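Asker: Below are the structure tokens for one structure; questions will follow.
The values are calculated or read from the model by the stated rules, or taken from the named source; none is laboratory data. From a predicted model like this one, the values you see are computed outputs, not experimental measurements. Every residue, glycine as well, gets a Cβ built from its backbone with ideal geometry; the counts of neighbours run over all protein chains shown. The protein model used for the area step is the full one, side chains on, heavy atoms only, and it has no ligands, DNA or RNA in it. Shrake-Rupley method; radii C 1.70, N 1.55, O 1.52, S 1.80 Å.
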Amino acid sequence: MTETDRTVLAVSGVRYEIAGRLLLDGLDLSVGAGESVAITGPSGSGKSTLLMCLLGLVRPQGGRITVAGTDITRLRERALNRHRRDHIGVVFQFGELLPELTPLENTALAALLSGTPRRRAYADAEELLTTLGVPLNGTPTAELSGGERQRTAVARALINRPSLVLADEPTGALDGSTRDEVTRMLFSVPRQWSCGLVVVTHDPAVAERADRHLHLSQGRLGDAGAVLPGTGAPAGGTAR
């Protein structure tokens, strides 16, 4: 069995409606370890809602979301929090780091909160940050460049060795050259750390770096290459 044969995310028939508006309509998606998937779509198409469902922060009204072999839609809050902590890493657009802490402290904190002993948490954080090219000079995170902050955010997402990493507009706040640098690093993560990666982005240049580029429209995912010109709707195809 190859690495990408090991499914880390399986979404089947997910349906979500709010205020009479159907955002997700029987949506399917499968992501293997070592694989990256980018999702694009017009504003209001449900990309953020899908990401919140994958995190377990929003419960769909139908379907299944299986992360690392467990259907998170069936978990109670305590078990869901534990499963999310152990198996899902998240990278937000603005990092969502504690600005007064150093990159080392920000990254180690995520491990400490999961119960990792202090010495190991800091050793693992230092190794990750060094690998990702973040300076370990004691500078508060607030004083880092945008690219260094996002690299720190990626390190924090990886510290507990998740099965799945979710990224929400991870380059949206970066300038052109920094965006390209962070994008290259982000899409190297799945194979280097044997996890799945799902990136939600408005930027086609970012999406094109993924193994698969999917488009969300009318509540379903389709191959972005099959989008009909001027419609924003997939002409066909499925999200494996």
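Asker: Leaving out ligands and nucleic acids, and using a 1.4 Å probe, what accessible area per residue does segment 7-223 come to in Å²?
Answerer: Ligands and nucleic acids excluded, the result is 44 Å² per residue.
Asker: Continuing with the same structure: What GluC sites (Glu not before Pro) in segment 89-196 are in a loop by DSSP, with at most 12 other Cβ atoms within 10 Å of the Cβ? Each step should come with its number before you reach the end.
Answerer: Working: sites: Glu96, Glu100, Glu105, Glu126, Glu127, Glu143, Glu148, Glu181; in loops: Glu96, Glu100.
Those satisfying the criteria are Glu100.
Asker: Give the average over all directions of the projected area of the C-alpha convex hull of segment 149-217, one decimal, in nm². All intermediate terms of the calculation are to be shown ahead of the outcome.
Answerer: Working: hull surface 18.3 nm².
If I average the Cα hull's projected area over directions, I get 4.6 nm².
Asker: How far, in nm, would the chain grow between Glu17 and Arg78 when pulled straight, counting 0.36 nm per residue and subtracting the alpha carbon separation?
Answerer: In short, 19.5 nm is gained.
Asker: Would you mind working out the magnitude of the charge dipole of segment 7-223 relative to its Cα centre, with +1 at each Lys and Arg C-beta and -1 at each Asp and Glu C-beta, to the nearest 20 Debye?
Answerer: Dipole of segment 7-223, to the nearest 20 debye: 840 debye.
Asker: Treating only the Cβ of Lys, Arg, Asp and Glu as charged (+1, +1, -1, -1), what charge dipole size does segment 20-76 show about its Cα centre? Round to the nearest 20 debye.
Answerer: 280 debye
Asker: Suppose the chain between Glu96 and Asp180 were pulled fully straight at 0.36 nm per residue; how much longer would it get relative to their current alpha carbon spacing?
Answerer: Length difference between fully extended and current span is 28.2 nm.
Asker: Shifting gears a bit: Compute the separation of the alpha-carbon centres of segment 101-120 and segment 15-53 and state it in Å as a whole number.
Answerer: 31 Å
Asker: From largest accessible area down, sort Arg74, Arg6; use a 1.4 Å probe on the protein chains.
Answerer: On the way: Arg74 150, Arg6 90 Å².
Of Arg74, Arg6, the descending order of accessible area is Arg74, Arg6.
Asker: Could you give the spread of the C-alpha atoms of segment 7-223 along their three principal axes, from largest to smallest, in whole angstroms?
Answerer: 51, 39, 31
Asker: So for Thr171, Thr70, what's the accessible-area order with a 1.4 Å probe, most first?
Answerer: From most exposed to least exposed: Thr70, Thr171.
Asker: Per 0.36 nm of contour for each residue apart, how much would the distance between Thr130 and Asp25 grow if the chain were fully extended, relative to their Cα-Cα spacing? Display every interim value, and only then the final one.
Answerer: On the way: separation 105, 0.36 × 105 = 37.80 nm, distance 4.25 nm.
Value of the extension gain: 33.6 nm.
Asker: With θ set to phi - 60° and the Karplus curve 6.51 cos²θ - 1.76 cosθ + 1.60, what are the ³J(HN,Hα) couplings of segment 107-112 in order, to the nearest whole Hz, using x for Gly and Pro?
Answerer: 6, 5, 4, 4, 6, 4
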